[in-house]
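*Asks:* Once you've had a glance at the structure underneath, I'll fire off some questions.
The values are calculated or read from the model by the stated rules, or taken from the named source; none is laboratory data. Predicted, not measured: the structure shown is a model, and the values here were computed from it. Don't worry about glycine lacking a Cβ; one is built from the backbone with ideal geometry, like all the others, and counts go over all protein chains shown. Surface areas here come from the heavy atoms of the whole protein model, side chains and all, with no ligands, DNA or RNA. Shrake-Rupley method; radii C 1.70, N 1.55, O 1.52, S 1.80 Å.
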Amino acid sequence: MQVRIIQDNKWRDHLGMGLLLGLCVLIRPNILPLAVIPNVFLWVKTKKMEKTNA
């Protein structure tokens, strides 16, 4: 699912993964730090794309 979010970057996918992450955190709280990695990757990729388009 993370690959789909990175490729399509739709709000619906972000919302769905956020709800799934929230459910997983309620069950296993130690999974929360792993959620940061894909978001940082997406942020860096977006910044690189903005630089090349500017």
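*Asks:* So which pairs qualify, if the first residue must be in the stretch 31-53 and on the phi > 0 side of the Ramachandran plot, the second must be modelled with pLDDT under 80, the Cβ gap must be under 9 Å, and the two must be at least 6 apart or on different chains?
*Replies:* Partner pairs satisfying both residue conditions: none exist.
*Asks:* Shifting gears a bit: If a residue counts only when it is modelled with pLDDT of 75 or more, open to solvent by 70 Å² or more (accessible area, probe 1.4 Å) and not small (Gly, Ala, Ser), which helices (runs of 4 or more DSSP H) contained entirely in the chain have at least 2 such residues?
*Replies:* 11-27, 36-53
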